[in-house]
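Reviewing the structure listed below.
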Amino acid sequence: MCARKKKTTMIYDHDEWLLPYKDVIDRRHEMIKDLKERMSVDGSLSKGLNNHVYYGLHRDDKGNWVFREWAPNATKVYLIGEFNNWKRTEAYALKPLGGGNWEIVLPAMFLDHGTLYKLYIEWKGGGAERIPAYVTRAVQDPVTKTFCAQVWDPAVPYQWKNPGPGKRQHPLIYECHIGMAAEEEKVGTFEEFRTNVLPKVAELGYDTLQIMALQEHPYYGSFGYQVANFYALSSRFGTPEEFKALVDDAHGLGIAVVMDIVHSHSVDNEAEGLGLFDGTETIYFYDGWQGHHPAWGSRCFDYGKDETKYFLLSNCKYWMEEYHIDGFRFDGVTSMLYWDHGLEKAFVGYEPYFNKGVDDNAIAYLALANVLIHEMNPDAFTIAEDVSGMAGLAAPLEMGGVGFDFRMSMGVADNWIKWIKELSDDEWRVGEIWWQLTNKREDEKTISYAECHDQAMVGDKTIAFRLMDKEMYFSMNKESKSDIVDRGMALHKMIRLVTMATCGNGYLTFMGNEFGHPEWIDFPREGNGWSYKHARRQWSLAEPDYLRYRYLRNFDKAMIHLAQSEAILDEKPELFVQDEEKKILIFKRKNCIFALNFNPTASFADYGFAVPAGKYEAVLNTDENEFDGFSRLKTGEEHFSVSEPSENGNGKYDSSLSLYLPSRCAVVLKKID
């Protein structure tokens, strides 16, 4: 007798607040299943998504060049470039294939590696030069600043050396931007990052690189979020082979590479991007007001249109195949999900997630992208950047979710800024800190961070700069005496430690912030005289032993290595003490106890609290000399529990432990017996 197949539970089976929206969840779920079935070939979604192989410039099996483009409104399409003096000639006219598709086949000798080219597309009433939609290499003229497509056909293809790093259950993410990773006032390169920065990431212990601004974007100051050429690696950072070498070396160090992918919108540009590509506004975008982003001045993709879905899904596949990307952080998911893009909107209750203000087409697209990515590589992972907290976004597809592996816990960083900016230390409430840092849905995994690139942009401040401000210019010398800097150093370490130790399933930092990089990020623009002064990372600040930056980096390294060696993220945190009067927060995670005293003035001797019986060793504390502390605690010191109950505890344990907890200090104890 066959065993009865177990019924799959849905997200509303575990959350009664979702039950009123059961019909909406089920309808979306069926919509996704139907789309997946229709777009799959032999049951495989990946097999059905190969637009990047069909469109664009390729060699056929005879070595000839084949170029295809989709331009349904075009009446004539020409290939123009250095090979024909940028003239429209019949010899380089594409032939219509039907369905809006155009094609030209050229002998091998007609195009060389490095040759510049474009399309000239004519339509009724007009025509213009365009860069192909599926271009994989675009370069900018240093004088005119205009972009051209470029033939990229190196004589020797890159030979990969290292396999992927495997699954990331609890990623420790180092968010980075290649261009601003150089110390010099310029645009950094892939090769410089590979040789200078990648070893720093490995030494710190982070196991994942999250790289921004990889897709080609005409305006450098957009931070890579105004994409023009979705299949093209940004040429301002180097060549495809140099980026492959970076990814390959990262894999050799056991570091996964996650791409910050922008599918939430497209730059409005016509000369560089997809705007009015074939004379129409709607080739890949929604019609009318829905096709224009009111805040970003960009175009919004029509996720209900098959051609758009194939364009974007094939884009995911291309980056994984061509560059061995291990996953994606999808940017601007909130903007995708809601017709109003979530602008100035308070998401209170579940109603906004399931009413007519949601673009179900975008939900279906994101779900298909997750299916595709995981089908191609079961070890790959996806992260959603969503400020709305949409229920089910990071829940499994089979449970009625959208299928992301993780979501960014964006409220954590917002709360740290609020507490630092609006409250004095003695007004901080450890109960609120605990609640905001641990308040996460049970059915979804999250990535926490104290700050990412968003908190460092011009007009805002990093945590270090908020805590110490102008004192960073005068008192970061270790011999300097500054109460402001002492406070800032202490809280910088504590904030990072408690954020990492309470994170849901992963932790993130932005490059340079681990050592308290001073000032803000401001890309070259007219308003700052096109300066690169604030679009770089001053790595040398963290090298001398007489500057305090080095000691913040030392602490970050020790904290990340502790998280890995003790696998603390394998279990959920358990609250022990929430002492509002003394401002003490104590909790356990895995085999470690984290005790933090946020009190700005008071230290406490023999502070007792309930613990599991055993022997404990102090394995990390923020007050060590190597972390620019005051050495009031001693790492390696052993502590023994006593068989006495304590009034400080969660009522679960009969044994207790007593510690000296200095002000603005944290200690981590490991149970060793």
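The values are calculated or read from the model by the stated rules, or taken from the named source; none is laboratory data. Keep in mind that this is a model prediction, so the values were computed, not measured. No Cβ is skipped: glycine too gets one built from the backbone with ideal geometry, and neighbour counts run over all protein chains shown. The accessibility values were calculated without ligands, DNA or RNA, using every heavy atom of the protein model including side chains. Shrake-Rupley method; radii C 1.70, N 1.55, O 1.52, S 1.80 Å.
Here is how the numbers come out for the structure above:
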{"item": "Pairs with Cβ under 8 Å, 6+ apart, first in the stretch 572-591 and part of a strand (DSSP E or B), second among the basic types (Lys, Arg)", "result": "GLU574/LYS588; GLU574/ARG589; PHE576/LYS588; ARG589/LYS572"}
{"item": "Sole residue being open to solvent by 10 Å² or more (accessible area, probe 1.4 Å), of a type in the set (Asp, Glu) and not in a loop (DSSP other than H, G, I, E, B), chosen from GLU344, GLU321", "result": "GLU321"}
{"item": "Matching entry among GLU479, GLU442, GLU451 (being acidic (Asp, Glu), under 19 Å from the mean Cα position of the chain (by Cα) and in a loop (DSSP other than H, G, I, E, B))", "result": "GLU451"}
{"item": "Single condition GLY504 does not satisfy, out of (1) under 30 Å from LYS445 (Cβ atoms); (2) outside any loop (DSSP other than H, G, I, E, B); (3) of a type outside the set (Asp, Glu); (4) open to solvent by less than 40 Å² (accessible area, probe 1.4 Å)", "result": "(2)"}
{"item": "LEU204 vs. criteria hydrophobic (A, V, I, L, M, F, W, C), open to solvent by 40 Å² or more (accessible area, probe 1.4 Å), closer than 30 Å to TYR551 by Cβ and modelled with pLDDT of 95 or more", "result": "no"}
{"item": "Subset of the stretch 340-357 (residues that are without any contact (Cβ under 8 Å) to a residue 24 or more places away in the chain and either out of contact with any Phe, Trp or Tyr (no Cβ under 6 Å at 6 or more places or on another chain) or closer than 26 Å to GLU322 by Cβ (or both))", "result": "ASP340, GLU344, ALA346, VAL348, GLY349, GLU351, ASN355, LYS356"}
{"item": "Pairs, first farther than 17 Å from ARG441 by Cα in the stretch 373-391, second surrounded by 19 or more Cβ atoms within 10 Å (Cβ to Cβ) and among the aromatic types (Phe, Trp, Tyr), C-beta under 7 Å, six or more apart", "result": "ILE373/PHE328; PHE381/PHE406; THR382/PHE328; THR382/PHE330; THR382/PHE404"}
{"item": "Flag for ASP15 being open to solvent by less than 70 Å² (accessible area, probe 1.4 Å) and at pLDDT below 95", "result": "yes"}
{"item": "Within the stretch 108-191, strands (runs of 3 or more DSSP E) holding 1 or more residues that are of a type in the set (A, V, I, L, M, F, W, C) and surrounded by 17 or more Cβ atoms within 10 Å (Cβ to Cβ)", "result": "116-123, 138-140, 147-150, 172-177"}
{"item": "Residue tally, condition open to solvent by less than 50 Å² (accessible area, probe 1.4 Å) and either of a type outside the set (A, V, I, L, M) or in contact with a helix residue (DSSP H, G or I) (Cβ under 6 Å, 6 or more places away or on another chain) (or both), over the stretch 564-579", "result": "5"}
{"item": "Matching option when the condition is of a type outside the set (D, E, K, R), surrounded by 15 or more Cβ atoms within 10 Å (Cβ to Cβ), within 33 Å of the chain's Cα centre (by Cα) and over 27 Å from SER424 (Cβ atoms), among ASN621, ASN591", "result": "ASN591"}
{"item": "Number of the condition not met by ALA490 [criteria: (1) surrounded by fewer than 24 Cβ atoms within 10 Å (Cβ to Cβ); (2) part of a helix (DSSP H, G or I)]", "result": "(1)"}
{"item": "Of residues in the stretch 632-673 being part of a loop (DSSP other than H, G, I, E, B), among the hydroxyl-bearing types (Ser, Thr, Tyr) and over 19 Å from LEU562 (Cβ atoms), the one farthest from the chain's Cα centre (by Cα)", "result": "SER643"}
